[in-house]
Amino acid sequence: MQNNIDNRIESFKKDVITKRALYTLKQKEYDNKVLEIENLKATFDVLKKTSEFLNSFSSSVRDRIAQEIETLVSRVLKSVFNDRYSFKVKSVIKRGNTEVELLIHDIIHKKDIDIIESSGGGLADIVATILFFSFSEINGGGYLILDEVGKHISADKRVAFFKLIKEITNTYKRQIIYISHQVELIDISDKIIRFSSNGNNHVVVE
């Protein structure tokens, strides 16, 4: 009798542990999905603002600005992905109105890719970051604050991307404040401020 009860208790404990582990896993998957949706919304917002901004100009001015943005974003994509991708700003006529489409061009497969639907290697992350920089530069410059930039870029591409960001900011004489957990940023940063927390206490370590 006692053995039977002990076995049932042990089985119950294992069942609780298993369910708790599954719950933790599902919670982590849910959190990742929420973060992914937030990142997509942020990327979409940058793309939308850039398109609307370009649409606000006459065709000649729009083409000139679009060419500058194309050149800068393509330069970064080609450097990070070994000449596989470039960036295109395409004007199309829809319902009698001119609209701007922002696309990634796959040079190897000779096809255009929707930025939001792109996957692998953080293509959308790179484009959104450079567009955000370009949009800010056109609107008067100043410093930029970037939160977890490059988080979705694969580790083998991250260093090259960060070095290019450093080069671009030096060229345009811009200051960028990064908020990140990525160690790759340490080597290219001019100043590092570390935040440490212990319970309710937060400490700044310079």
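The values are calculated or read from the model by the stated rules, or taken from the named source; none is laboratory data. This is a predicted model, so every value here is computed, not measured. So basically every Cβ, Gly included, is an ideal-geometry build from the backbone, and we count neighbours across all protein chains shown. Surface accessibility is based on the protein's heavy atoms, side chains included, excluding ligands, DNA and RNA. Shrake-Rupley method; radii C 1.70, N 1.55, O 1.52, S 1.80 Å.
Looking only at the stretch 50-71, count how many residues are touching a Phe, Trp or Tyr at 6+ places or on another chain (Cβ under 8 Å) and either in contact (Cβ under 8 Å) with a residue 40 or more places away in the chain or not charged (D, E, K, R) (or both).
4
Starting from residues that are at pLDDT 75 or above and of a type in the set (A, V, I, L, M, F, W, C), keep the ones in the stretch 1-33 and report whichever is most open to solvent (accessible area, probe 1.4 Å).
Only one residue fits best here, namely ILE17.
Search the stretch 143-168 for residues being touching a residue at least 24 places away in the same chain (Cβ under 8 Å) and more than 24 Å from GLU36 (Cβ to Cβ), and hand back the single one that is surrounded by the fewest Cβ atoms within 10 Å (Cβ to Cβ).
TYR143
Please state which one of GLU117, GLU101 is over 19 Å from ASN82 (Cα atoms) and in a loop (DSSP other than H, G, I, E, B).
None of the other options fit; the residue is GLU117.
Show me the strands (runs of 3 or more DSSP E) entirely contained within the stretch 124-206 in which 1 or more residues are modelled with pLDDT under 75 and over 28 Å from SER51 (Cβ atoms).
194-198, 201-205
Kindly indicate which of SER91, SER74, SER118 is of a type in the set (Ser, Thr, Tyr), free of Cβ contacts under 8 Å to residues at least 40 places away in the same chain, surrounded by fewer than 18 Cβ atoms within 10 Å (Cβ to Cβ) and in contact with a strand residue (DSSP E or B) (Cβ under 8 Å, 6 or more places away or on another chain).
Details: SER74 fails: surrounded by fewer than 18 Cβ atoms within 10 Å (Cβ to Cβ); SER118 fails: surrounded by fewer than 18 Cβ atoms within 10 Å (Cβ to Cβ).
After applying the criteria, what remains is SER91.
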